[in-house]
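Quick note: the coordinates plus some simple rules give every number you see, no bench work behind them. Note that this is a predicted model, so its numbers are computed, not measured. Here the Cβ positions follow ideal geometry from the backbone for every residue, glycine too, while neighbour counts run over all protein chains shown.
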Amino acid sequence: MTAVPDQARDVRDEDAFDIARVDAFLKQHIDGLEGMPTVKQFPGGASNLTYLLGYANRELVLRRPPRGAKAKSAHDMLREARVMHALKPSYPYVPAILAICDDAAVIGQDFYVMERLNGTILRRDLPAELGLDRDGVRRLCLAFVDRLIDLHRVDTQQPALRELGKGEGYIARQVAGWSERWRQAATEGSDPCEDVMAWLAASQPPHDNASCVIHNDYRFDNVVLAPENPLDIIGVLDWEMATIGDPLMDLGGSLAYWVQADDDKVFQSFRRQPTHEAGMLSRAEVVAYYGKRSGLDVSRFGFYEVFGLFRLMVIIQQIYRRYALGQTNNPQFAGFGDAARYMGMRCRRLIAAEG
């Protein structure tokens, strides 16, 4: 099996930055960099932006927030770097942090630079070059879930990790916080979704299931597969929303992106990872497997699934609001308002199924 490395592309005009300033900063903090770097941009980037810096003797990855308005606690590059640095000794799949910049004079925003993990990042479809049959796809899927379970088993009593969260009450804080974000992200014609938020508030469990490190954006396009063996996950990326919280909330957030082969055509159009492939577990199978391996009670997972979709709806609407206000002209965001409305309807279907 031969993997295809993730490909960076030309930088979008609105996402460009002063390369010379970044180069000067990095050469003050990282020894041995040679020449002036080429700069490419990785696909995606609906939230934070990720770039490949190609020096003559080394490749690095830079992460920075987008321009324009943002939620109060979102896009915090300094916190993301701190989380990664604190987690690295316990969870080897975290890329090493090499430099952190909080000087606005460099590019006008905080950013950090990390090691480049060479490997494959899966996008919408599974590359044929991976050579995975149905059994191989299943083993990849199980490895993906296993890495999340590994994360949830990290010892949170370590001082560097303990300070990342606020303790008991995570579920309640999330329901209240994301409901408020939804109201703040409203645009003309958006769905108020007051009924969905009322259901979440009334249906939330009285206590957290556990308190562990959670990723909060765990998807196939945030993991790196080894180039020599695509069944080997060598890295987990995008730690912006990581914290100490409830593990089933993390799983619910991950499954919000899990579009399977028998989903309706609208949801199929949103698919950004190959979870529809023959051999992939269904959402229900993922939940059952997670419950068996983790030992947690997943018999009433409906709340977590609805919340995961609701949170994704808020994220989509926040991005659409930036587009509607003219803070970004990226054409891929033009349909996000319709996507958010669909997510509201999908939440209601799941709520109705819960009885």
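So which residue, out of Leu309, Leu148, Leu325, gets the largest mean-square fluctuation from a GNM of the chain using Cα contacts under 10 Å as springs?
Highest fluctuation of the listed residues: Leu325.
Based solely on its DSSP helices, what 222 nm [θ] is calculated for the chain when runs of n ≥ 4 H residues each add -39,500 (n - 2.57) and the sum is averaged over all residues, nearest 500 deg cm²/dmol?
Rounded to the nearest 500, the figure is -12500 deg cm²/dmol.
How do Lys40, Lys166 line up, fewest other C-beta atoms within 10 Å first?
The most exposed by this proxy come first: Lys166, Lys40.
On a full-extension model of 0.36 nm per residue, what is the gain between Ala160 and Asp18, subtracting their alpha-carbon distance, rounded to one decimal in nm?
Value of the extension gain: 47.8 nm.
Between Asn222, Ala334, Ala186, whose Cα lies farthest towards the positive end of the dipole of the stretch 128-354 when Lys and Arg beta carbons carry +1 and Asp and Glu beta carbons carry -1, centred on the Cα centre?
Ala186
For Val223, list long-range residues whose amide hydrogen, built 1.01 Å from N in the peptide plane, is under 5 Å from its own amide hydrogen.
For Val223, the qualifying residues are Leu122, Leu237.
Name the most mobile residue of Asp15, Asp250, Asp135, meaning the one with the largest mean-square fluctuation, in a Gaussian network model of the chain with Cα contacts below 10 Å.
For the chain, modelled as a Gaussian network with Cα springs under 10 Å, the answer is Asp135.
Given a Förster distance of 25 angstrom, what is the FRET efficiency for Glu285 paired with Leu231, based on the Cβ-Cβ distance and rounded to 0.05?
The pair Glu285/Leu231 has a calculated efficiency of 0.85.
When only C-alpha pairs under 8 Å and at least 6 residues apart count, what is the relative contact order of the chain, in percent?
Dividing the mean separation by the residue count of the chain yields 19 percent.
Two decimals, Cα atoms only, Kirkwood Rh: what is Rg/Rh over the chain?
0.95
Compare Ala104, Ala288, Ala81 in a GNM of the chain, Cα atoms joined below 10 Å, and give the one with the largest fluctuation.
Per the Cα network of the chain with a 10 Å cutoff, Ala104 tops the list.
Starting from the Cα-Cα distance between Asn330 and Leu78, subtract it from 0.36 nm times their residue separation and give me the gain in nm to one decimal.
88.2 nm
If amide H atoms are built 1.01 Å from N in the plane of the peptide, which residues on other chains or at least 5 residues away come under 5 Å of the amide H of Leu49?
Arg64
Calculate the FRET efficiency for Ala210 and Ser299 from the Cβ-Cβ distance with a Förster distance of 25 Å, rounded to the nearest 0.05.
0.95
Per residue of the stretch 138-150, in order, report the coupling 6.51 cos²θ - 1.76 cosθ + 1.60 (Karplus, θ = phi - 60°) as ³J(HN,Hα) in whole Hz, putting x for Gly and Pro.
Each residue of the stretch 138-150 in turn: 5, 5, 4, 4, 5, 4, 4, 5, 4, 5, 5, 4, 4 Hz.
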